[in-house]
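What follows is a set of notes on a single structure, which appears directly below.
The values are calculated or read from the model by the stated rules, or taken from the named source; none is laboratory data. These figures come from a predicted structure and were not determined experimentally. Quick reminder, even Gly has a Cβ in these numbers, built from the backbone with ideal geometry, and neighbours come from all protein chains shown.
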Amino acid sequence: MHKPLLLICFVLSGILAQAQDVAPFTLPALPYAYERLEPFIDAQTMEIHHSKHHQAYVNNLNKALAGTTYEKLALNDIMLRAEKAGNAIRNNAGGHYNHSLFWKILGTGSNFNASSEVGKAITATFGSVDSLKKLMNKEAIGRFGSGWAWLYVSTDKKLAVCSSPNQDNPIMDASPNRGLPILGIDVWEHAYYLKYQNKRPDYLASIWSVINWGQVNEYYKQALSDPFLKDIEKDTWTELKDFHKVMAATFHAAEEGDFGPIRKRANEMWMKAKAMQTGKIPASFDHADIRKAISDLEKGAAELNKMVNKKKKDADLNKKLTALHDVFHTIQGLCSH
């Protein structure tokens, strides 16, 4: 193949890969035959799980996204907003993401390597891979009803273990445990019932025989350098999000000439700014420039509240609110660096 044609194919493949990150989503091909994981996971379970259950999540996600503001977002960005997006998007976006990862971390012929990057991290964090298996199995057995057990990279780039209900995962805004998953175990009954019936512990004992540790290692390395991990960390900054809600509700109304919202909520805005100043700043953003900007934000919000209490003119409020909005966006910009 000529070099120009190779370049065209490379560019097109990149465009297609990017296109698959947004709706309409499609069912990824299974990277092995349905019977490949026998006898640990039977072929019939794999076929139904992949071609029926996962396909349903894809279909329902595309249907739920159609015509919404979430339709043009990448899957990761949808999950950052999953709780706000509602159950139809939350459950099906999670179902699509979780299963897409699940198929790739299953396989044969790639055993645990204690000398790999993830192997060293597991040993350093949990003591041994056997200790990790016990922790994950405990999470999986203890998860009431349907859900997942996860090994994930936390926002401070440490390995951690948790479980989640239904199709939730550590990326989601609804999760108390935040980070990027690198290994997930599906404990919905449709993942194991045909072979193991109600014996979830037996399924969990078997699944470790078909973990593709090479892929887990790749996910681990990718997670450590993925800028999206910082987006998740920023999303854990509750005080920043709370202030943003008040700013958005008041500033945009003022842009339209309506100063009623800021006159009603100026004190609330000041309290949210104070909460940012006294609250815990996520580690990646806890530096001098951001702390100074937050101090300026609190000072400006206090001054704006005084102006509202003194019933200053709309034009004066608009000038102060606009300046405060600029300070807030300075903080947002610093968080992106």
Asp235 touching a helix residue (DSSP H, G or I) at 6+ places or on another chain (Cβ under 7 Å) and charged (D, E, K, R): yes
Pairs, first at negative phi and in the same structural domain as Gln167 (by TED's automatic domain parsing) in segment 50-79, second hydroxyl-bearing (Ser, Thr, Tyr) and surrounded by fewer than 16 Cβ atoms within 10 Å (Cβ to Cβ), C-beta under 8 Å, six or more apart: Val58/Thr26
Subset tally (residues that are closer than 15 Å to Val58 by Cα and out of contact with any helix residue (DSSP H, G or I) (no Cβ under 7 Å at 6 or more places or on another chain)) for segment 76-93: 2
Residue match in segment 239-256 (condition: of a type in the set (A, V, I, L, M, F, W, C), modelled with pLDDT of 95 or more and touching a His at 6+ places or on another chain (Cβ under 7 Å)): yes
Extreme residue, modelled with the highest pLDDT, among residues of segment 16-56 that are over 29 Å from Arg200 (Cβ atoms) and of a type in the set (Gly, Ala, Ser): Ala23
Residue match in segment 27-36 (condition: surrounded by 18 or more Cβ atoms within 10 Å (Cβ to Cβ), under 18 Å from His96 (Cβ atoms) and small (Gly, Ala, Ser)): no
Residue match in segment 156-163 (condition: among the β-branched types (Val, Ile, Thr), in a loop (DSSP other than H, G, I, E, B), farther than 25 Å from Tyr32 by Cβ and in contact with a strand residue (DSSP E or B) (Cβ under 7 Å, 6 or more places away or on another chain)): no
Hits in segment 292-320 (condition: exposed (fewer than 15 other Cβ atoms within 10 Å of the Cβ) and within 36 Å of the chain's Cα centre (by Cα)): Lys292, Ser295
Flag if Asn113 is touching a Gly at 6+ places or on another chain (Cβ under 7 Å) and either within 24 Å of Asn217 (Cα to Cα) or part of a loop (DSSP other than H, G, I, E, B) (or both): yes
The one condition in (1) modelled with pLDDT of 95 or more; (2) farther than 13 Å from His244 by Cα; (3) in contact with a Phe, Trp or Tyr (Cβ under 8 Å, 6 or more places away or on another chain) that Asp289 fails to fulfil: (3)
Matching residues in segment 160-174 - criterion: being without any contact (Cβ under 8 Å) to a residue 60 or more places away in the chain and either touching a helix residue (DSSP H, G or I) at 6+ places or on another chain (Cβ under 7 Å) or surrounded by fewer than 22 Cβ atoms within 10 Å (Cβ to Cβ) (or both): Ala160, Val161, Cys162, Ser163, Pro165
Filter pass, Pro181 being within 22 Å of Gly127 (Cβ to Cβ), surrounded by fewer than 18 Cβ atoms within 10 Å (Cβ to Cβ) and in the same structural domain as Ile122 (by TED's automatic domain parsing): no
Identity of the residue in segment 53-103, among the hydroxyl-bearing types (Ser, Thr, Tyr) and assigned to a helix (DSSP H, G or I), that ends up surrounded by the most Cβ atoms within 10 Å (Cβ to Cβ): Tyr97
